[in-house]
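The values are calculated or read from the model by the stated rules, or taken from the named source; none is laboratory data. These numbers were taken from a predicted model, which means no experiment stands behind them. Note: ideal-geometry Cβ built from the backbone for every residue, glycine included; neighbour counts use all protein chains shown.
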Amino acid sequence: MAEQQIPCIDLGPSFTLEGRAGVAAQIKAACETVGFFTIVGHGVPDSVVETLKSEARAFFALPQGEKDKVPHPASKISRGYFPPKHRALSYSLGNEAPPDLQEGFACGPFDPAPAQLEGTAAAEFFFAPNIWPEDRPALKAAFETYFRTLDTLSLHILRLFAVALGLDWSFFDAKCDRSACVMRVIWYPPQPEPPEPGQLRAGAHSDYGTLTILKGEDVPGGLQVQMRSGEWADVHPAPDAFVCNIGDLMMRWTNDAWVSNLHRVANPPREYASVGRMSIPFFHNPNADAFIECIPAFAGEKAKHPPVVFAEHYLGKHFKAAHMSKTAEPVGG
């Protein structure tokens, strides 16, 4: 196992005009090498994180029958409760694997679909109504506060991405003003029985959007990132840090100059099999109808990826993982 090689970046100076360039340079170096970095000085109150974790723990501790009262839609879009072994992320890369050892609760935007998307498949999948337990209003409130706080932080980081790429500070703004973000709280339960061969808490995958901001618990059986050597490195963030990684779209925009890296969640060693783990990933996505193509300055002789509409790219990978299938066709409504 490789030693951690994930840089920690203090965002504090980037909230001043004078400090932007220095922070952007650190982000640039991280994105060109490993595609991951942790952040401190981000301004997210501890109370926003702890309230959500508390409400989520109480929900996951409910009897299975109670959790099953708020099931995800048949299409498995990211809304409501997802029971154990509901997906296998390895399929997003076309790799077969047993179901991932996790359960989760997911939500999407709290604002309605923009007018131009009304009646489209993009509105159906990215702006579908969220699903909440009727008797747990505090859970919904905690999700919404966290979602809106991380959405604001994501835009700030994207603006730093723009500076790092030599672009105007607001380059990404128009591509994200109706963003189709998704967030999950994931519970990785204890493993009293050994996993199947090839089965992980989350199989190796890259993320599909622009940026992921993760708050995870640093316990055995946690996040691992594949380094350029091919080795897997454990990620051990500081207690007040978030883990950030770029998604596929940043790799497409930069013609592979930035790395959308493979990562996974390992199983705990058997001596820690009784230890569960909670993880809160916020997946920042651009507008569902955003047209993604190589930034001209990075095209060189030829763009390595064809232009793509974000919704098509995202749903193609999502449905493979959600339905544990090598095809990207949705099932159900």
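Some points to look at:
- Segment 67-111 - residue that is assigned to a helix (DSSP H, G or I) and of a type in the set (S, T, N, Q) and, of those, modelled with the lowest pLDDT: 92
- Among (1) touching a residue at least 24 places away in the same chain (Cβ under 8 Å); (2) under 24 Å from residue 146 (Cα atoms), the one test that residue 5 misses: (2)
- Residue count for segment 112-131 under the criterion of being under 18 Å from the mean Cα position of the chain (by Cα) and not in a helix (DSSP H, G or I): the result is 2.
- Taken over segment 236-273, the criterion of being in a loop (DSSP other than H, G, I, E, B), of a type in the set (Ser, Thr, Tyr) and under 28 Å from residue 101 (Cβ atoms) is satisfied by 260 alone.
- Of the residues making up segment 148-205, those that are acidic (Asp, Glu) and either under 28 Å from residue 103 (Cβ atoms) or modelled with pLDDT under 95 (or both) are 151, 177, 193, 196.
- Residues that are basic (Lys, Arg) and closer than 25 Å to residue 149 by Cβ within segment 195-221 comprise just one, 215.
- Top-ranked residue in segment 20-66 [being assigned to a helix (DSSP H, G or I) and hydroxyl-bearing (Ser, Thr, Tyr); ranked as surrounded by the fewest Cβ atoms within 10 Å (Cβ to Cβ)]: 47
- Qualifying residue in segment 132-153 (condition: surrounded by 17 or more Cβ atoms within 10 Å (Cβ to Cβ) and part of a loop (DSSP other than H, G, I, E, B)): yes
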